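Here the structure is laid out as structure tokens; the discussion comes afterwards.
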Amino acid sequence: MALDRQPHLIGELIELRPATPDDFGALFVVASDPLIWEVHPAHDRWQEPVFRRFFADGLASGGMLVAIDRASGAVIGSSRYDFGRAEPDEVEIGWTFLARSHWGGRFNGEMKRLMLDHAFTGVSRVMFMIGDTNIRSRRAVEKIGGKLTDRLHHAEMAGKPVTHVIYTIDRGTKAG
């Protein structure tokens, strides 16, 4: 069964829905906080031209989802599914950002749980590609059951070479 990369997922705290071009403004309001990107390899993503490219790439991927706080109805970030760097029977979940007002609680965990549960309807493994120095994101993925692999990905981000480490979670693995 092929994975629907544009699902509408609803949890207790978060709703995830397919992104549209009209979401740029609300997402940029969240993304324009430089502290969100402080430890990310693309630390300049808070700048409008850089975020505009990120947003366009997300829409073009066909897998970008907007995260909405169910209590307030506010857009609080996004994430996406992508097959570009994934191995067979695998999908990548990534490009995730969340408003700082929603850090440190259950929001990121619920977003990932919703996305993982949906992903496993179509693939057996999910991968997460994280900048090797992005300790915040690495801990978040480990907290939900991600296992560090020996796979690496090298890229240039914000004008510098970056090494990404790859974490995976297999279907049937108990996520935290």
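The values are calculated or read from the model by the stated rules, or taken from the named source; none is laboratory data. All values derive from a computational prediction rather than experimental measurement. Glycine gets a Cβ as well: all are built from the backbone with ideal geometry, and neighbour counts include every protein chain shown. Only protein heavy atoms, including side chains, enter the accessible area calculation; ligands, DNA and RNA are left aside. Shrake-Rupley method; radii C 1.70, N 1.55, O 1.52, S 1.80 Å.
In region 37-58, the qualifying residues are those that are open to solvent by 40 Å² or more (accessible area, probe 1.4 Å) and of a type in the set (A, V, I, L, M, F, W, C), and the one that is nearest to residue 123 (Cα to Cα) is 56. Just one of the listed residues (121, 168) is exposed (fewer than 14 other Cβ atoms within 10 Å of the Cβ), touching a residue at least 24 places away in the same chain (Cβ under 8 Å) and not charged (D, E, K, R), namely 121. Number of residues in region 27-36 that are open to solvent by 40 Å² or more (accessible area, probe 1.4 Å) and either in contact (Cβ under 8 Å) with a residue 40 or more places away in the chain or of a type in the set (Ser, Thr, Tyr) (or both) equals 3. I'd like the full set of residues that are more than 16 Å from the chain's Cα centre (by Cα) and open to solvent by 50 Å² or more (accessible area, probe 1.4 Å), limited to region 16-26. 20, 21, 22 - these are the residues of region 16-26 that are more than 16 Å from the chain's Cα centre (by Cα) and open to solvent by 50 Å² or more (accessible area, probe 1.4 Å). Of the residues making up region 115-146, those that are within 25 Å of residue 43 (Cβ to Cβ) and of a type in the set (A, V, I, L, M) number 8.
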